[in-house]
Amino acid sequence: MGGNHTQTKFILLGITDSPCAQAPLFALLILIYTVTLVGNVGIIFLVRVSPSLHTPMYFFLTHFAFIDVCYSTVISPRMLADLLSEEKIISFSACMMQFLTFLFFGTTECHLLAIMAYDRHVAICHPLLYITVISSHVCWQLVASSYLFAFLTATICTWCTFGGSFCGPNRIDHFFCDIFPVLKLVCSDTHSSEIVIFAFLTINVVGMSVVIFLSYISILCTVVRMCSAQSRARAFQTCASHLMAVALFFGSAFFMYLQPPSSHRSLDKVASIIYAVVTPMLNPFIYSLRNKEVKGALVNYWRRLFNQWQHKRVLASRTCMVDVKRESLWGAKTMGFSPNPHDLM
């Protein structure tokens, strides 16, 4: 990255230094990570195999689930390995790559949450224009722009964080290479870097929060004007899952990144676990258990699998019966009996 660093490795202090707590934490976190993978990959698979879910809303949801899998995978395997090892050493390049990828996927999630809010705004406030405004081409453009802007943000913030001199302590008081724990180890002046990083984080976190807030203000005004109570309930139910995901992600992100570096305390690790580990696990449950379309698609998929299995079982049993009849008739023929041709039916 061009920095005048002398450190070739860092030591992560991890979640806790208590040996007694590491085994229970490992069991809990590996369970959370497994559920995260199964739940989010399951959503991606279900949307792909269910024609009823081939809509812009679930197109964005598949990318949202993919991002959850990716940025949880950036953190969880390394964190689980460190819980079982005494020396939690990470190389300078590995730390920088973890920082870059995590910031990239986290920023992309911010943008996807804003895009999903805009999608709900168009669907509820302008239903007649929905197909035109949120077309397939527009969906790909929105997703591609979120990835592009996230990559730009992650690259600049990584340059600002790792471009300085690391000539002092190499112990990172965290369980992964996050912005402020790494900045504390920089020997050179970090004031300008902190300003740039804070500006980009503000643009992403606050900017996307404003988009979500304005979208839901418009949705609320439209829903209040609806005459049918059933329509209002359906609109609120459609938005409830997204609002829960927004509250979980942005709540912990605001606490973690939009406060002065000097005010960071031990609760940072708790907030980091919430948005990096727990939130990706909860999102599939939020979008599946509270969404009738997802539950209906899941039921139809399992029903289709069961019907296919029953059909194959019936065909296999019929084939087996025909084979048995043929063998018995062939045996009767060899013993001198004349078989009835209708017995082969």
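For segment 37-108, what does the accessible surface come to per residue with a 1.4 Å probe? Please give it in Å².
On the way: 2830 Å² over 72 residues.
Per residue, segment 37-108 has 39 Å² of solvent-accessible surface.
Could you calculate, for segment 1-134, the ratio of the Cα radius of gyration to the Kirkwood radius, expressed as Rg to Rh? Could the numbers behind the result be given before it?
Details: Rg = 19.8 Å, Rh = 17.7 Å.
The Rg/Rh ratio comes out at 1.12.
Do me a favour and compute the ellipsoid semi-axes for segment 104-239 from its Cα gyration tensor, root of five times each eigenvalue, largest one first, whole Å.
Values: eigenvalues 335, 48, 25 Å².
Values for segment 104-239, descending: 41, 15, 11 Å.
Give, as ranges by residue number, the residues of segment 39-74 whose backbone N falls under 20 Å from the point 7 Å along Cα→Cβ of Ser135.
Flagged as within label range: 54-60.
Which order do the peptides 200-209, 216-225 take when ranked by the mean count of other beta-carbon atoms within 10 Å per residue, highest first? Spell out each step's value before the answer.
Working: 200-209: 18.6, 216-225: 14.3.
Top to bottom by mean Cβ count within 10 Å: 200-209, 216-225.
Looking at segment 93-149, I'd like the Rg to Rh ratio, where Rg is from alpha-carbon atoms and Rh is Kirkwood's inverse mean 1/r.
Numbers: Rg = 14.8 Å, Rh = 12.7 Å.
Ratio of gyration radius to Kirkwood radius: 1.17.
Over the chain, with a Gaussian network built from C-alpha contacts below 10 Å, which listed residue (His63, His242, His54) shows the highest mean-square fluctuation?
So, out of His63, His242, His54, the one fluctuating most is His54.
When the Kirkwood hydrodynamic radius is evaluated over all pairs of different C-alpha atoms of segment 172-246, what value in angstrom, to one decimal, is obtained?
Numbers: mean 1/r = 0.0630 Å⁻¹.
It works out to 15.9 Å.
Picking from Met116, Thr132, Cys177, whose Cα lies most toward the positive end of the charge dipole for segment 94-251 (charges on Cβ: Lys, Arg +1; Asp, Glu -1)?
Working it through, the farthest residue towards the positive pole turns out to be Thr132.
Only helical DSSP H runs with n ≥ 4 go in: add -39500 (n - 2.57) per run for the chain, normalise by residue count and round the 222 nm mean residue ellipticity to 500 deg cm²/dmol. Mind showing how you got there, number by number?
Values: 12 runs with 248 residues, N = 345.
It comes out at -25000 deg cm²/dmol, rounded to the nearest 500.
Return one whole number: the accessible area per residue of segment 145-192 in Å², for a 1.4 Å probe. Each step should come with its number before you reach the end.
Numbers: 1990 Å² over 48 residues.
Accessible area per residue, segment 145-192: 42 Å².
Running a GNM on the chain with Cα contacts under 10 Å, which residue among Leu128, Leu112, Leu305 ends up with the highest mean-square fluctuation?
Checking each option, the largest mean-square fluctuation is seen for Leu305.
With every atom except the alpha carbons ignored, what do you get for Rg and Dmax of the chain, in angstroms?
27.6, 103
Along the charge dipole of segment 167-243, Cβ charges K/R +1 and D/E -1, which of Thr190, Leu201, Phe213 sits furthest on the positive end?
Phe213
Give me the percent of the accessible area of the chain that comes from carbon and sulfur atoms, probe 1.4 Å, all protein chains in place.
Numbers: 12690 of 18270 Å².
About 69 percent, which is the carbon plus sulfur part of the accessible surface.
Report the number of Lys pairs in the chain whose alpha-carbons are under 23 Å apart, with separation of 8 or more residues or on distinct chains.
Details: Lys9/Lys88; Lys9/Lys184; Lys9/Lys269; Lys88/Lys184; Lys88/Lys269; Lys184/Lys269; Lys312/Lys325; Lys325/Lys333.
Lysine pairs, 8 or more places apart or on different chains, close enough: 8.
In the full protein assembly as shown, how much of Leu214 is accessible to a 1.4 Å probe, in Å² to the nearest 10?
So the heavy atoms of Leu214 present about 110 Å² to solvent.
Could you give the length gained on full extension between His126 and Ala144, defined as 0.36 nm per residue of separation minus the Cα-Cα distance, in nm? The partial results should precede the final answer.
Numbers: separation 18, 0.36 × 18 = 6.48 nm, distance 2.38 nm.
In short, 4.1 nm is gained.
Which of the peptides 13-21, 169-177, 134-142, 149-157 is most tightly packed, and how do the rest follow, judged by the mean count of other Cβ atoms within 10 Å per residue?
Details: 13-21: 12.6, 169-177: 20.0, 134-142: 14.2, 149-157: 18.1.
Highest to lowest by the protection proxy: 169-177, 149-157, 134-142, 13-21.
Near Lys88, within a Cβ-to-Cβ distance under 13 Å, what is the net charge of the other residues, with Lys and Arg +1 and Asp and Glu -1? Mind dumping the intermediate values first?
Numbers: positive: Lys9, Arg78, Arg171; negative: Asp17, Asp82, Glu86, Glu87, Asp173.
Combined, the nearby Lys, Arg, Asp and Glu give -2.
Sort Glu86, Glu194, Glu109, Glu293 by accessible area with a 1.4 Å probe, largest first. Kindly include the intermediate steps, with their values, before the conclusion.
Details: Glu86 180, Glu194 55, Glu109 0, Glu293 105 Å².
Greatest to least solvent exposure: Glu86, Glu293, Glu194, Glu109.
Quote the Stokes-Einstein diffusion coefficient, in whole µm² s⁻¹, for segment 1-76, based on the Kirkwood radius over alpha carbon pairs, a temperature of 4 °C and a viscosity of 1.567 mPa s. Write out the running numbers ahead of the final one.
Working: Rh = 15.6 Å.
Rounded, D is 83 µm²/s.
Only four residue types carry charge here, +1 at the Cβ of Lys and Arg and -1 at the Cβ of Asp and Glu. Report the dipole size of the chain about the Cα centre in Debye, rounded to the nearest 20. The partial results should precede the final answer.
Numbers: 23 positive and 16 negative charges, 307 e Å.
Dipole size: approximately 1480 debye.
So if I take the centroid of the Cα atoms in segment 9-24 and the same for segment 107-133, what is the distance between those two points in Å?
Between the Cα centre of segment 9-24 and that of segment 107-133, the gap is 42 Å.
State, as an integer percentage, the relative contact order of segment 165-211 based on alpha-carbon contacts under 8 Å between residues 6 or more apart. Please report the intermediate quantities before stating the final value.
Details: 21 pairs, mean separation 16.2, N = 47.
Relative contact order here is 34 percent.
Keeping all protein chains in place and using 1.4 angstrom, which order do Val38, Val74, Val182 fall into by accessible surface area, from largest down?
Working: Val38 100, Val74 30, Val182 0 Å².
Sorted by accessible area, descending: Val38, Val74, Val182.
The values are calculated or read from the model by the stated rules, or taken from the named source; none is laboratory data. Source: prediction; values computed, not measured. FYI the Cβ positions are ideal-geometry reconstructions off the backbone, even for glycines, and counts take in every protein chain you see. Areas reflect the complete protein model, heavy atoms only, side chains present, ligands, DNA and RNA absent. Shrake-Rupley method; radii C 1.70, N 1.55, O 1.52, S 1.80 Å.
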